[in-house]
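**Q** Shown below is the structure under consideration.
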Amino acid sequence: MFEGIERISVSSDWITLIFLTVLILVAVLQFNFSERFSKLFSLIYSEKYYTDFYKSRPLIFNWFHVIFFFIIIFNISMALYFALNSFKGPVENDSFYLYSKLLIMTSLYFGIRYILGYFLAYIFELEEGQNYFTFLKISNLALISILVFPLLVLANYSAGVFHKFLITFGLVVSVAIALFRYFVLIKNEKLSFNNIFYLFLYLCALELAPFIVIYKLFVD
């Protein structure tokens, strides 16, 4: 009389544990850095956050950024995991293994990018500009990771067209914010080059080279 309806979902216990870990990290930030955490959201409509915290020391390796780094890589890896499952179908029999691989790839990407950034900054004598650039990237990735996190939670418990819509919407918003902040970086001339060609060459090398290395290591 009653027929069961199959629920298509990528939900599993390990995803819930990842979400709980992210929530705990967010709670730690809110408790220990409540003022800075609240001001982070001002990046949506102004650049005051940059001026308030650019002179803080250490600029990059502080606890606020360290904790946010884990939130960022957890969320980026989860977004990639959902995207792969939504648009290409299950690509691994073990879903946690796939997520772990994406997590390692994401961590390596940021690690390589950081090392390469300071190497290029040393060559072009742009250490101060690179510090600001890294600070800018971390700040905006932190904001994006917080804004996208509710979409990831909703996507995990959705199915079908709505699931794909949430993943697509999250990716589009993330890319749009990232591109807009690149424009802000160039507008503020924190990376000053006499020739605009060298500026874009620098930025392309900084962003694309780590991706190529990760692709060669894990895909080729």
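**Q** Do we have any residue at all in segment 81-97 that's under 17 Å from the mean Cα position of the chain (by Cα), at pLDDT 90 or above, small (Gly, Ala, Ser) and in a helix (DSSP H, G or I)?
**A** No, there is no match, as no residue in segment 81-97 is under 17 Å from the mean Cα position of the chain (by Cα), at pLDDT 90 or above, small (Gly, Ala, Ser) and in a helix (DSSP H, G or I).
**Q** Would you please list the contacts, defined by Cβ atoms under 7 Å and residues six or more apart or on different chains, that run from a residue in segment 131-160 that is more than 21 Å from residue 66 (Cβ to Cβ) to a residue that is assigned to a helix (DSSP H, G or I) and among the β-branched types (Val, Ile, Thr)?
**A** Once the first residue is more than 21 Å from residue 66 (Cβ to Cβ) and sits in segment 131-160, its partners that are assigned to a helix (DSSP H, G or I) and among the β-branched types (Val, Ile, Thr) give 155/167; 156/15.
**Q** Taking segment 42-52 only, how many residues are surrounded by fewer than 17 Cβ atoms within 10 Å (Cβ to Cβ) and either part of a helix (DSSP H, G or I) or under 16 Å from the mean Cα position of the chain (by Cα) (or both)?
**A** Summing the residues that are surrounded by fewer than 17 Cβ atoms within 10 Å (Cβ to Cβ) and either part of a helix (DSSP H, G or I) or under 16 Å from the mean Cα position of the chain (by Cα) (or both) in segment 42-52 gives 5.
**Q** Against the definition (within 17 Å of residue 138 (Cβ to Cβ), surrounded by fewer than 11 Cβ atoms within 10 Å (Cβ to Cβ) and either at pLDDT 95 or above or basic (Lys, Arg) (or both)), how does residue 39 come out, yes or no?
**A** no
The values are calculated or read from the model by the stated rules, or taken from the named source; none is laboratory data. Quantities reported herein were computed from a predicted structural model and do not represent experimental measurements. Every residue, glycine as well, gets a Cβ built from its backbone with ideal geometry; the counts of neighbours run over all protein chains shown.
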